[in-house]
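**Student:** Before I ask anything, here is the structure I am working with.
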Amino acid sequence: MNVNTIAKKSSVLIVDDDALVRATIMGMLNKEFDCHYVDNGRKAIEFCKQHGSPDVILMDYHMPEFDGLKTCQAIQQYDELKHIPIVFFTGNEDCELQRKCWMAGAADFVSKPIKAEVLKMRLQHQIEVKSREIYLESLACKDSLTSLYNRQFLVQSLPRIVRQLSREQACLSVMMIDVDDFKKFNDAYGHLDGDKVLKAVAKTLSGIVKRPSDYVLRFGGEEFLVLLPKTKQKEALQLAHHMTRAVERLLIRHKHSDFGRVTVSVGVSSSENKASLKFVELLKAADEALYAAKALGKNTVAVYTSPRRSGNGVRQKHSASSFVSVG
């Protein structure tokens, strides 16, 4: 791997209140790194939130009002920022001071006077370490068969997604999707063909859900979960119906299905018009809707409507032309 290639693509945010120091460090790093700078810790946080996270932050400990330690502690409070490696530079080698910085989330220290080559190597090392961590995390969060996200991804990412939607007062729609009569398919055609079905369905579902903010997960066995942030119930239903038709059009033969081919059923729920966004309740509602879709004959979509809106918590069948209530 070419280190220089990585460095040219990597960004560094320099945080220091001394203009001369900033200019000196910029001169050291400009050729290898995409450098940006701010003159205090608060501006550093605002920069990251507005312009995206740099690959590494290089920060002076000693700054007036909002010093490096406070800045580091503040950055750790933001899920979207806390992964950024923070390298401190300081002329003070006080062990207690450094211990506090380590505890606050510091990744490394560089002592003054700063030597250009040492600084470059330390920054490159932190960037490479973080890249490896991200890669390993991505492996842990991916299903090995379908390459979709898995439950571990849900554990790691859901709190961030929900917090962001709650701050923006935006809704979340959820789909639970199940391959109909999958056990019968495995019994008739074997598990290898069953795996091929799961991969084909996964590819079809992820091809329909195109926004970067949307997520398709393999929830377990033949069951899939779709998260649709900022998507209203009506839009989610349209997507769900598109999914059932797309899977049926794969024309995968299934002799034990009433349709003669592999199909899916979908349950939909949405936080639209709810006072708060509670994911566990949404998941349970989508699961109940999926159960209703199965009871309706499979290869269909059902939506859970809360009692507050409908009066009886009905589940409804979604077709191209109408909704049919299920008592």
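**Student:** Do you know which of the residues in segment 160-186 that are out of contact with any His (no Cβ under 8 Å at 6 or more places or on another chain), at pLDDT 95 or above and surrounded by fewer than 18 Cβ atoms within 10 Å (Cβ to Cβ) is farthest from ASN299 (Cα to Cα)?
**Tutor:** Checking each candidate, the answer is ASN186.
**Student:** Which residues, taken from segment 5-27, are surrounded by 18 or more Cβ atoms within 10 Å (Cβ to Cβ) and part of a helix (DSSP H, G or I)?
**Tutor:** Across segment 5-27, the qualifying residues are ALA7, ARG22, ILE25.
**Student:** For segment 16-72, which positions are touching a Lys or Arg at 6+ places or on another chain (Cβ under 7 Å) and within 20 Å of ASP94 (Cβ to Cβ)?
**Tutor:** Once the filter is applied, which keeps residues that are touching a Lys or Arg at 6+ places or on another chain (Cβ under 7 Å) and within 20 Å of ASP94 (Cβ to Cβ), segment 16-72 yields ASP16, GLY41, PHE66, LEU69.
**Student:** Of the residues LEU192, LEU198, which single one is under 20 Å from SER257 (Cα atoms), in a helix (DSSP H, G or I) and in contact with an Asp or Glu (Cβ under 7 Å, 6 or more places away or on another chain)?
**Tutor:** Answer to the selection: LEU198.
**Student:** Still on this structure, please answer the following. Look through LEU239, LEU250, LEU282, LEU227 and report the one residue that is of a type in the set (A, V, I, L, M) and assigned to a loop (DSSP other than H, G, I, E, B).
**Tutor:** When all the criteria are applied, what remains is LEU250.
**Student:** Just to be sure I understand, how many residues within segment 236-264 are free of Cβ contacts under 8 Å to residues at least 40 places away in the same chain and either surrounded by 21 or more Cβ atoms within 10 Å (Cβ to Cβ) or at positive phi (or both)?
**Tutor:** The qualifying residues number 2.
Yes or no, residue by residue, for (1) of a type in the set (Val, Ile, Thr); (2) in contact (Cβ under 8 Å) with a residue 12 or more places away in the chain:
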residue	(1), (2)
VAL110	yes, yes
GLN152	no, yes
ARG167	no, no
ALA170	no, yes
LEU227	no, yes
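**Student:** Just to verify a result, which residue in segment 28-80, among those that are of a type in the set (Val, Ile, Thr) and in a strand (DSSP E or B), is farthest from the chain's Cα centre (by Cα)?
**Tutor:** Within segment 28-80, the match that is farthest from the chain's Cα centre (by Cα) is VAL38.
**Student:** Taking interchain pairs and intrachain pairs at least six residues apart, which have beta carbon atoms under 6 angstrom, with the first residue in segment 121-150 and surrounded by 19 or more Cβ atoms within 10 Å (Cβ to Cβ) and at pLDDT 90 or above and the second part of a helix (DSSP H, G or I) and charged (D, E, K, R)?
**Tutor:** What qualifies is THR146/LYS199.
**Student:** Exactly one condition in (1) polar (S, T, N, Q); (2) touching a residue at least 24 places away in the same chain (Cβ under 8 Å); (3) not in a helix (DSSP H, G or I) is not met by SER213; state its number.
**Tutor:** Checking SER213 against (1) polar (S, T, N, Q); (2) touching a residue at least 24 places away in the same chain (Cβ under 8 Å); (3) not in a helix (DSSP H, G or I), the one that fails is (2).
**Student:** Now a separate question. Taking segment 188-206, which residues are farther than 19 Å from THR244 by Cα and touching a helix residue (DSSP H, G or I) at 6+ places or on another chain (Cβ under 8 Å)?
**Tutor:** ASP193
The values are calculated or read from the model by the stated rules, or taken from the named source; none is laboratory data. It should be emphasised that the depicted structure is a prediction, and the values quoted were computed from it without experimental measurement. Positions of Cβ are generated from backbone atoms using ideal geometry, with glycine treated the same way; all protein chains shown enter the neighbour counts.
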